[in-house]
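What follows is a short report on a single structure.
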Amino acid sequence: MAGVRDELLTSPGRRTAIAAGLDVLVVAVFTLIGRRTHAEPLDPAGWWETAWPFLAGLAIGWTVVALSSRTWPTRLWHGATVWIATVFGGMALRDMVGQGTALPFVIVATLFLGVTLVGWRLVLWALDRRRPDAQRPTGSGRGRVHPPVEHTQVGDPLGLEDLRGPDDHTPGRGVVPPAERGRVVGELGIRQPRQPEGD
């Protein structure tokens, strides 16, 4: 099942475009380095002659991933399929047209393409894991992202704060000083409790 960062075949997006660009760039750099190492001209025609078998192998790898997973090959585990298809497809096509597949060249191509085609996906995977948990799939595992709930401040619509009653800061209703208690009791007609005899 596709995850939150997979892009389906019917809805490719920015992640797919970046993946395609990086994979083609890897093959382009590899063939340029190879031609320069063997002192071959770096003109476009010469580069294309060296690059097209590996680009075809790259396309095969993308097709295999797309048909098997119904997503574009942007994830870490897709890198192995793309890498193997690029190396073996490229070498098979080179052999068919007589371009040569010497063992040292095969070893170098396998190592370079493995490190780069899988490597950038490994970096992207590590960056994905460092993202906040809020951006990761939650719940049923179908890739849904639930935004944080924001609570609206409504104040005190029921007036509960007014039910606390008077306190020491309420005007005119504070504590009566001891010297004034007798006068206040007489004015209000408050009956004082009987004092026990002998006090």
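Every number here is computed from the coordinates shown, using simple stated rules; none is lab data. What you are looking at is a predicted structure, and each value in this text was computed from that prediction instead of being measured. Every residue, glycine among them, receives a Cβ derived from its backbone with ideal geometry; neighbour counts consider all protein chains shown.
Some values worked out for this structure:
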{"quantity": "Relative packing of peptides 76-85, 32-41 - highest average C-beta neighbours within 10 Å first", "calculated": "76-85, 32-41"}
{"quantity": "Residue (of ALA92, GLY34, ALA66) at the positive-pole extreme of the range 14-132, dipole from beta-carbon charges", "calculated": "ALA66"}
{"quantity": "Trypsin sites (Lys or Arg not before Pro) within the range 42-135, DSSP loop, no more than 16 other Cβ atoms inside 10 Å", "calculated": "ARG70, ARG130"}
{"quantity": "Charge dipole (debye, nearest 20) of the range 14-132; +1 at Cβ of Lys and Arg, -1 at Cβ of Asp and Glu", "calculated": "720 debye"}
